Amino acid sequence: MPELPEVETVRRGLEKLIVGKKIINISSDWQKSLPITDNEINNSIKNHEIVSIGRRGKLLIIGLDNSRSLLIHLRMTGQMVYRSESYRFGAGHPNDSLIGKLPDKSTRVIMELDNGSRLFFNDQRKFGFINISENSKINQIPFLNKMGPEPLSQDFTYKIFKARMKNRANSQIKAVLLDQKVIAGIGNIYADESLWMAKIHPLKKVLEISEAKQRALYESIIEVLNTSIEKGGSTDRNYVDAEGKKGSYISFAKVFRREGKKCYRCGKTIIKIRAAGRGTHLCPNCQRI
DNA sequence: CACTTGACCTGTCCGC
DNA sequence: TGCGGACAGGTCAAGT
């Protein structure tokens with residue numbers, strides 16, 4: 001589910017809530033959600049303090065005081081929800097939350113902190129995970145070391161974007177945007193939104209996209225991601241932030257999940273097709289093949 | 001090399 | 001009300 005803006009929203013929430021706290025325990029009833037040995041949990045996680053919360057693409061990185069990091073990928077339906085000690089004694093959950101009492105049936109991992117609070121990793125579809133790495137080895141993880149640039153960093157210039165597009169000249173643009181090796185953090189929602197904003201058909205081959213439109217796409221990606229972070233991300237189904245609250249970007253979306261409705265720009269009907277194996281939304285008038 | 005399909009899982013929605 | 005199939009925001013491996 002969560003793409004860069006959602007993961008960034010969770011990161012900011014966790015940064016406020018759990019940095020400086022010590023992990024007392026971490027446990028799971030689904031091995032694949034926490035593929036870490038008991039030995040490692042006892043030696044490298046328990047009684048260690050959380051010193052930082054980072055993000056790379058869609059991956060959350062919780063830094064510990066022993067040069068290790070917990071790597072968390074939410075995949076399609078993951079949530080990281082913090083609950084203070086008061087929740088154990090009946091405190092209500094936020095009104096704009098999708099979830100009630102925790103743990104619930106999608107809870108895969110529970111982390112207990114030293115102030116009595118708990119962090120719940122909920123993941124309906126069990127695709128996500130919490131793993132551990134030595135910081136010095138993080139860049140050796142294939143998924144991370146091949147990952148493309150962060151689209152919201154200063155280093156992500158138009159020149160870099162253009163060069164990376166050129167490497168994938170024969171591919172369909174939507175597939176390229178979804179490829180984490182090209183640019184980190186874009187998923188199905190923001191690929192569709194960026195392409196609509198830049199007026200590019202998702203099935204267009206990169207080499208068929210004009211210089212002006214490539215420039216527009218570069219700018220659209222940055223604008224769309226920044227706008228979504230401002231709105232706290234998109235809650236289409238499962239996504240909630242670190243406090244369990246929904247994001248509001250989906251109600252600002254221009255094409256995503258708007259099939260059958262009118263294009264805000266030209267009034268024609270938004271359609272849904274398949275591109276790169278994914279449901280893909282576009283305006284057939286603004287975005288011509 | 002580029003693209004598709006299947007796998008990993010659970011839940012929801014739609015049509016019969 | 002029940003049942004089967006399609007589909008869901010991600011990624012990887014294998015096949016064409």
Residue that is of a type outside the set (Asp, Glu), part of a loop (DSSP other than H, G, I, E, B) and surrounded by fewer than 17 Cβ atoms within 10 Å (Cβ to Cβ), where the choices are A:Arg215, A:Arg258, A:Arg265, A:Arg274: A:Arg265
Selected residue (only one of A:Asn226, A:Asn170 is within 16 Å of DNA strand B (Cβ to nearest atom) and touching a residue at least 12 places away in the same chain (Cβ under 8 Å)): A:Asn170
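Picking from A:Gly260, A:Gly267, which residue would you name as being more than 16 Å from DNA strand B (Cβ to nearest atom) and more than 23 Å from the chain's Cα centre (by Cα)?
Numbers: A:Gly260 fails: more than 16 Å from DNA strand B (Cβ to nearest atom).
Just a single option satisfies the conditions, and that option is A:Gly267.
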Enumerated helices (runs of 4 or more DSSP H) restricted to region A:103-197, each holding at least 3 residues that are at pLDDT 95 or above and of a type outside the set (Gly, Ala, Ser): A:158-166, A:173-178, A:188-197
Strands (runs of 3 or more DSSP E) contained in region A:47-95 and holding at least 3 residues away from DNA strand C (no atom under 16 Å from the Cβ), in the same structural domain as A:Ser33 (by TED's automatic domain parsing) and not hydroxyl-bearing (Ser, Thr, Tyr): A:48-56, A:59-64
Within region A:17-50, tally of residues that are surrounded by 13 or more Cβ atoms within 10 Å (Cβ to Cβ), more than 20 Å from A:Gly244 (Cβ to Cβ) and free of Cβ contacts under 8 Å to residues at least 60 places away in the same chain: 6
Subset of region A:277-289 that is of a type outside the set (A, V, I, L, M) and in a loop (DSSP other than H, G, I, E, B) - its residue that is farthest from DNA strand B (Cβ to nearest atom): A:Asn285
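The values are calculated or read from the model by the stated rules, or taken from the named source; none is laboratory data. Just so it is clear, the structure is predicted and the values come from calculations on it, not from any experiment. As a convention, Cβ positions derive from the backbone with ideal geometry for all residues, glycine included, and neighbour counts pool all protein chains shown.
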